[in-house]
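Q: After the structure tokens below, expect a handful of questions from me.
The values are calculated or read from the model by the stated rules, or taken from the named source; none is laboratory data. It should be emphasised that the depicted structure is a prediction, and the values quoted were computed from it without experimental measurement. Please note: Cβ atoms are built from the backbone with ideal geometry, for glycine as well, and neighbour counts cover all protein chains shown.
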Amino acid sequence: MSGSVLEVDLDLLANNLARVGAAVAPAELMLVVKNDAYGHGVEAVVARAQREGVRWFGAFDLATGARVRRVTGADARIFVWIADTPDQVAAAIDLDLDIGVGDRRLLAEVAARGGSPRPARVHLKIDTGLRRNGVRPEEWPEFVAAAATAERAGNLVVEGIWSHIAEASDEDDDIARGRFEDALRAAEAAGLRPRWRHLAASAAAFARPEFRYDFARVGAFCYGIRPAGGPDEAALGVRPIARWVAPVLEVADDVVRIGVGARDGLFRSLATHARVATPGGLRRLLVVSGATSDVVSWPGAVVGDHVTVYGDPERDEETATSLAEMIGSIGEEVAVRVSPLVPRRYRGLR
Ligand SMILES: *Cc1c(COP(=O)(O)O)cnc(C)c1O
């Protein structure tokens with residue numbers, strides 16, 4: 001192992017949650033914790049968020065949903081939107097998860113499994129244009145009719161109607177929202193009265209009130225990851241909760257070798273672009289190799305010094321997003337690549 005550590009500040013998470021919660025109010029905040037809470041560690045993040053009053057968690061898959069449920073106990077609502085096999089559906093109902101359903105086959109599966117001991121909680125997904133999954137508008141009336149039948153039979157409860165949007169252009173998002181409104185009307189005509197309508201993730205929820213509905217599913221901003229090419233952290237009122245710190249392993253000739261490399265999750269393409277924060281100031285990263293990375297030396301560098309690969313923009317350090325911008329990626333992609341073998345060290349764990 002290279003010896004790098006991801007320091008995660010849960011007090012900063014709490015601040016971000018308060019900020020995001022206030023920004024999307026009166027809509028509720030669903031904290032998205034897929035990909036091990038964007039690399040920060042599901043268990044610690046969920047435990048703290050629950051203490052901060054977060055009641056909804058977006059877990060993506062069943063495995064993550066089960067991890068969240070172990071932390072929260074019965075109180076929290078946990079939304080999964082990838083439950084494919086009959087076994088996964090049965091497990092999701094067993095764990096009292098809210099299940100995103102975006103096709104007829106899955107609806108039939110959930111209806112067949114739900115009812116005993118309890119009806120399945122489902123959120124019906126309309127495809128508003130992303131074509132990732134979700135029911136196409138032309139098939140929606142038949143879909144909501146089938147869901148209403150299953151609801152009347154006591155096999156499931158339609159808790160929500162939802163969709164996911166690109167958040168790449170306002171025009172496309174407006175078109176998607178129009179389709180979403182149509183879908184809500186059709187669901188109502190079919191006799192459904194879902195409590196939770198949800199459409200937006202971080203960007204649209206912040207910028208566009210009419211996209212918030214009953215809750216906003218927010219990941220990135222809660223972790224202080226700003227959008228590539230978008231407003232900065234100060235404008236958003238959030239701060240990155242993680243700092244990736246790596247030790248100096250070797251000082252030789254003009255090169256200092258630090259312990260963070262491709263194997264631990266840094267993109268090789270960042271070499272020569274990224275700067276790391278060293279005790280001698282910002283220094284350019286020259287090579288990202290398998291196990292270690294090389295930076296130019298600074299006067300007096302010694303083995304045991306530490307450098308920051310990404311951290312706090314207020315301290316002029318790179319962030320997951322500023323690194324991502326150098327290679328045409330997004331901050332989330334940088335954050336989730338930090339290897340699970342890199343230890344997470346928490347502040348504010350209580
Ligand atoms: C990842 C994800 C989100 C959260 O997106 P952010 O931009 O990180 O806030 C919300 N909804 C769905 C369906 C997602 O997959």
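Q: Only one of V89, V110, V71 is β-branched (V, I, T), away from the ligand (no atom under 15 Å from the Cβ), touching an Asp or Glu at 6+ places or on another chain (Cβ under 7 Å) and more than 30 Å from P343 (Cβ to Cβ); which? Write out each step before concluding.
A: Working: V110 fails: touching an Asp or Glu at 6+ places or on another chain (Cβ under 7 Å); V71 fails: more than 30 Å from P343 (Cβ to Cβ).
So the residue among V89, V110, V71 that is β-branched (V, I, T), away from the ligand (no atom under 15 Å from the Cβ), touching an Asp or Glu at 6+ places or on another chain (Cβ under 7 Å) and more than 30 Å from P343 (Cβ to Cβ) is V89.
Q: Now a separate question. For region 1-106, list the helices (runs of 4 or more DSSP H) that sit wholly inside it and hold at least 2 residues that are modelled with pLDDT under 95 and in contact with a helix residue (DSSP H, G or I) (Cβ under 9 Å, 6 or more places away or on another chain); which are they?
A: 86-94
Q: The conditions are (1) surrounded by fewer than 21 Cβ atoms within 10 Å (Cβ to Cβ); (2) within 16 Å of the ligand (Cβ to nearest atom), and D312 fails exactly one of them. Which is it?
A: (2)
Q: Against the condition within 26 Å of E233 (Cα to Cα) and in contact (Cβ under 8 Å) with a residue 40 or more places away in the chain, how does P279 come out, does it pass?
A: Details: within 26 Å of E233 (Cα to Cα): yes; in contact (Cβ under 8 Å) with a residue 40 or more places away in the chain: no.
Taking the combined requirement at face value, the residue does not satisfy it.
Q: Let me ask something additional. Given the criterion among the charged types (D, E, K, R), under 22 Å from the mean Cα position of the chain (by Cα) and over 30 Å from E7 (Cα atoms), identify the matching residue among R197, R217, R193.
A: On the way: R217 fails: over 30 Å from E7 (Cα atoms); R193 fails: under 22 Å from the mean Cα position of the chain (by Cα).
Within the list R197, R217, R193, the selection yields R197.
Q: Have a look at G58, G41, G21, G3 and point out the one that is assigned by TED's automatic domain parsing to the domain that holds P117 and on the phi > 0 side of the Ramachandran plot.
A: Working: G58 fails: on the phi > 0 side of the Ramachandran plot; G21 fails: on the phi > 0 side of the Ramachandran plot; G3 fails: assigned by TED's automatic domain parsing to the domain that holds P117.
Residue meeting the stated conditions: G41.
Q: So, in region 107-120, of the ones that are outside any loop (DSSP other than H, G, I, E, B) and closer than 13 Å to V158 by Cβ, which residue ends up farthest from the chain's Cα centre (by Cα)?
A: Let us first name the residues in region 107-120 that are outside any loop (DSSP other than H, G, I, E, B), namely 107-113, 120.
Keeping just the survivors that are closer than 13 Å to V158 by Cβ gives 107, 110-111, 120.
Working: L107: 25, V110: 25, A111: 28, A120: 24 Å.
So the residue we want is A111.
Q: Separate question: Considering region 238-273 alone, what residues qualify as being within 19 Å of Y38 (Cα to Cα) and surrounded by fewer than 18 Cβ atoms within 10 Å (Cβ to Cβ)?
A: Scanning region 238-273 gives a single hit, R263.
Q: Which is in contact (Cβ under 8 Å) with a residue 24 or more places away in the chain, buried (at least 23 other Cβ atoms within 10 Å of the Cβ), small (G, A, S) and out of contact with any Cys (no Cβ under 9 Å at 6 or more places or on another chain), of A153, A146, A187? Spell out the reasoning first.
A: Numbers: A153 fails: buried (at least 23 other Cβ atoms within 10 Å of the Cβ); A146 fails: buried (at least 23 other Cβ atoms within 10 Å of the Cβ).
The match here is A187.
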